[in-house]
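Chemist: Take a look at this one; I'll ask things after.
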Amino acid sequence: MRSTGNRYRLLITGGILAAALLSMRYLLPLALPFLVGLAVAWIAEPLARFLSRRAKFPRTLATGAAIGGVYLLLLGLVYLLGRLALQEMDHLASGLPGMVEGLDQAAGRVQGWLYHLAQDAPERLQPGLEESITQLFSNGSALAEGAVSRVLGAASQIIVTLPDTFVFLGTAVVSSFMISAQLPRLRPFLLGKLPPAWSQRILPVLQNLRVNLGGWFRAQCKLMGLTFLLLTIGFLILRVEFPLLLGALIALVDALPMLGTGTILVPWGLLVLLQGQTALGLGLIALYGVTALTRSILEPRMVGHQLGLNPLLTLVALYMGYRLWGILGMILAPVLTITVLEIWSMAQPERGN
């Protein structure tokens, strides 16, 4: 009897897991704007419920005000971040000619030093070494030109994708209003389509998922806060301009696992090293090492603690999610793992059966 129950649980869990994987692979791009709308509606639901029950607003008006408030908050954040980014880009553009000139001078010094080393080599090796050095720096120039062309190509690609982006955002906004208006009736409607026994078991699963999603969000906020603190302290020690702003921006970049702090700190450190600022360059690279090591140690523990997962299982889920689906996979894999465990528990026959 127990063997039959275990096979039943394996069959149910395996089927749901396979369906979830196939859905994420093929249906997620189609459903993404509606999932964004659902997330916004879920965030706005407490305010909509308060306005509807306490302030006696009609449900439609309450959801409209709540969703509108969420979007106004998001627009305000985007505006502030965009304004700060434009100010920093203007500051960077004003200093860019000097940076390029300094980089050229640093490259010239490095090239002269390498030529000097080549002259100390045996005579039969000197022509080959000098040719290799010349080829190295010519390849570096070509690499810089290629980087500029790639940046311009990326900018043109962004312009090309603007219509699709507007369609995506418009669909997400409209769906968030529609989902929020029907949210109180949506859960009873879906649960009513299931057998009563399944409905009784699914409700705790949904509640646990809601708690776990909130826990995952809190864990990410704590990691971002810790990264911001480490970066700000490091920038203050290194006497970098705008330590708070740079710490906040790099902490936001660090929230994207494929990018991380190294995307900014490592090239920055190498650039200032070439300019002759050895202490600042080594300090930036060391700061990257500290933040990356801290995050790699704490992320499995903090995410696992908030989701109720073993740290090793969380690490496996993060790695597999990244290998399968990239950045989005690292976000969804721990949630999918806890969902599978909840379904496994739900499918377990009750004691005495």
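Chemist: From Ala144, Ala106, Ala93, grab the single residue that is farther than 30 Å from Ala41 by Cβ, modelled with pLDDT under 70 and surrounded by fewer than 10 Cβ atoms within 10 Å (Cβ to Cβ).
Modeler: Ala93
Chemist: Okay, next question. Out of all the residues in the stretch 38-50, is one or more charged (D, E, K, R) and more than 24 Å from the chain's Cα centre (by Cα)?
Modeler: Yes, there is a match, as at least one residue in the stretch 38-50 is charged (D, E, K, R) and more than 24 Å from the chain's Cα centre (by Cα).
Chemist: Mind listing whichever residues of the stretch 273-293 are part of a helix (DSSP H, G or I) and farther than 16 Å from Gly234 by Cα?
Modeler: Selection gives Leu273, Leu274.
Chemist: Taking the stated definitions as given, is Gln87 modelled with pLDDT of 70 or more, out of contact with any strand residue (DSSP E or B) (no Cβ under 8 Å at 6 or more places or on another chain), closer than 30 Å to Thr278 by Cβ and in a helix (DSSP H, G or I)?
Modeler: Spelling it out, Gln87 is indeed modelled with pLDDT of 70 or more, out of contact with any strand residue (DSSP E or B) (no Cβ under 8 Å at 6 or more places or on another chain), closer than 30 Å to Thr278 by Cβ and in a helix (DSSP H, G or I).
Chemist: Among Val240, Val174, which is the only one that is over 19 Å from the mean Cα position of the chain (by Cα), outside any helix (DSSP H, G or I) and not acidic (Asp, Glu)? I'd like the intermediate steps shown before the answer.
Modeler: Details: Val174 fails: outside any helix (DSSP H, G or I).
Going through Val240, Val174 in turn, just one is over 19 Å from the mean Cα position of the chain (by Cα), outside any helix (DSSP H, G or I) and not acidic (Asp, Glu): Val240.
Chemist: Right, another one. Return the pairs, sorted by first residue and then second, in which the second residue is of a type in the set (S, T, N, Q), the first residue lies in the stretch 289-305 and is at pLDDT 85 or above, the beta carbons are less than 7 Å apart, and the residues are 6+ apart or on different chains.
Modeler: Thr291/Thr227; Thr291/Thr261; Ala292/Thr261
Chemist: Further, regarding this structure: How about the stretch 27-76: which of its residues are more than 23 Å from Val211 (Cβ to Cβ), charged (D, E, K, R) and part of a helix (DSSP H, G or I)?
Modeler: Across the stretch 27-76, the qualifying residue is only Arg59.
Chemist: Also, I was wondering about something else. Evaluate the stretch 199-219: report whether one residue or more is at pLDDT 70 or above, exposed (fewer than 11 other Cβ atoms within 10 Å of the Cβ) and in a helix (DSSP H, G or I).
Modeler: No, the conditions are met nowhere in the stretch 199-219.
Chemist: While we're here: State yes or no: is Thr227 of a type in the set (S, T, N, Q), in contact with a helix residue (DSSP H, G or I) (Cβ under 9 Å, 6 or more places away or on another chain) and either under 22 Å from Val78 (Cβ atoms) or surrounded by 15 or more Cβ atoms within 10 Å (Cβ to Cβ) (or both)?
Modeler: Against the criterion (of a type in the set (S, T, N, Q), in contact with a helix residue (DSSP H, G or I) (Cβ under 9 Å, 6 or more places away or on another chain) and either under 22 Å from Val78 (Cβ atoms) or surrounded by 15 or more Cβ atoms within 10 Å (Cβ to Cβ) (or both)), Thr227 qualifies.
The values are calculated or read from the model by the stated rules, or taken from the named source; none is laboratory data. Since the model is a prediction, treat every value here as computed from it, not as a measurement. With ideal geometry, Cβ positions are generated from the backbone for all residues, glycine too; neighbour counts draw on all protein chains shown.
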